[in-house]
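**Student:** The structure is given below, and queries will be raised subsequently.
The values are calculated or read from the model by the stated rules, or taken from the named source; none is laboratory data. The model shown is predicted, which means the values in this text are computed figures rather than measured ones. Virtual Cβ from ideal backbone geometry, glycine too; neighbours counted across all protein chains shown.
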């Protein structure tokens with residue numbers, strides 16, 4: 001059994017593609033586990049307001065015709081936020097894909113989903129460290145079931161929840177059924193932003209990409225202030241830009257300029 005001091009929301013999304021900055025959600029399914037063991041389950045079909053590429057539809061079987069009369073993300077954003085805001089978050093490969101996409105969708109409608117006290121449990125990272133296989137193999141290995149309707153958000157999110165329960169049972173000597181431990185175990189580095197462009201290296205925020213990779217953000221902005229302008233004008237995630245702006249503002253306040 002999971003030991004929960006607050007709700008834990010498993011979620012899975014289907015999208016128009018895999019570009020974190022430009023693609024959109026077409027379906028999101030949420031399975032919220034409450035500390036008393038009760039569950040709340042909700043699935044939303046979403047009009048992405050952009051065409052769904054054929055290659056994406058071939059994977060999740062959601063087509064433009066299926067979502068043309070569905071609400072946009074802006075229309076359901078507050079309902080989704082209210083369902084998730086008091087919960088820790090869990091998913092399958094969620095730290096690298098689902099969470100950044102969801103945060104971008106919220107930021108587009110001026111909702112700040114960031115919460116320094118929220119924990120993130122990535123079931124894929126636990127699986128990757130323990131067995132290194134995909135979702136269908138994980139479901140077969142931990143639950144001894146075949147995953148039907150793969151790439152349906154609802155089927156995937158239910159399977160992800162069952163896999164975590166199976167992992168806790170199989171690795172009971174290594175994994176502890178509390179969210180703080182699972183958060184630490186399933187995270188791979190101390191990334192500052194959802195796009196993984198910034199990393200916290202023992203209290204120093206450094207760039208994790210490009211020509212300044214491994215360098216302190218503050219030092220780069222002092223030596224090359226135009227680099228900040230380039231980031232803000234480029235196609236980075238809104239969350240990355242917000243974090244960069246916060247560092248720039250703090251540096252400005254420190255210097256008194």
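**Student:** Quick check on this structure: which one of 113, 209 is in the same structural domain as residue 227 (by TED's automatic domain parsing) and within 15 Å of residue 240 (Cα to Cα)? Outline the logic, then answer.
**Tutor:** On the way: 113 fails: in the same structural domain as residue 227 (by TED's automatic domain parsing).
209 is the lone residue from the list that is in the same structural domain as residue 227 (by TED's automatic domain parsing) and within 15 Å of residue 240 (Cα to Cα).
**Student:** Could you check the stretch 225-257 and list, in sequence order, the residues that are in a loop (DSSP other than H, G, I, E, B) and within 22 Å of the chain's Cα centre (by Cα)? Can you show your working first?
**Tutor:** Keep residues of the stretch 225-257 that are in a loop (DSSP other than H, G, I, E, B), which gives 225, 234-237, 256-257.
234, 235, 236, 237, listed by residue number.
**Student:** Does at least one position in the stretch 80-87 carry a residue that is closer than 30 Å to residue 171 by Cβ and in contact with a helix residue (DSSP H, G or I) (Cβ under 9 Å, 6 or more places away or on another chain)? Break it down into steps so the answer makes sense when it comes.
**Tutor:** Let us first name the residues in the stretch 80-87 that are closer than 30 Å to residue 171 by Cβ, namely 83-84, 86-87.
When the remaining residues are screened for being in contact with a helix residue (DSSP H, G or I) (Cβ under 9 Å, 6 or more places away or on another chain), the result is 84.
Yes: one or more hits.
**Student:** Residues that are touching a strand residue (DSSP E or B) at 6+ places or on another chain (Cβ under 8 Å) and either surrounded by fewer than 16 Cβ atoms within 10 Å (Cβ to Cβ) or free of Cβ contacts under 8 Å to residues at least 40 places away in the same chain (or both), at least 2 per element: which strands (runs of 3 or more DSSP E) completely within the stretch 1-117 meet that? Walk me through how you get there before you give the answer.
**Tutor:** Details: elements: 8-15, 25-33, 39-45, 88-91.
Here the list reads 39-45.
**Student:** Against the conditions (1) closer than 30 Å to residue 5 by Cβ; (2) surrounded by fewer than 17 Cβ atoms within 10 Å (Cβ to Cβ); (3) assigned by TED's automatic domain parsing to the domain that holds residue 57, where does residue 202 fall short? Just the number, please.
**Tutor:** (3)
**Student:** Follow-up question, since we're still on this one. Are there any pairs, at least 6 apart or on different chains, whose C-beta atoms fall under 6 Å, with the first in the stretch 239-257 and in contact (Cβ under 8 Å) with a residue 60 or more places away in the chain and the second part of a loop (DSSP other than H, G, I, E, B) and surrounded by 15 or more Cβ atoms within 10 Å (Cβ to Cβ), and if so, which?
**Tutor:** Pairs that qualify, where the first residue is in contact (Cβ under 8 Å) with a residue 60 or more places away in the chain and the partner is part of a loop (DSSP other than H, G, I, E, B) and surrounded by 15 or more Cβ atoms within 10 Å (Cβ to Cβ), are 239/193; 239/194.
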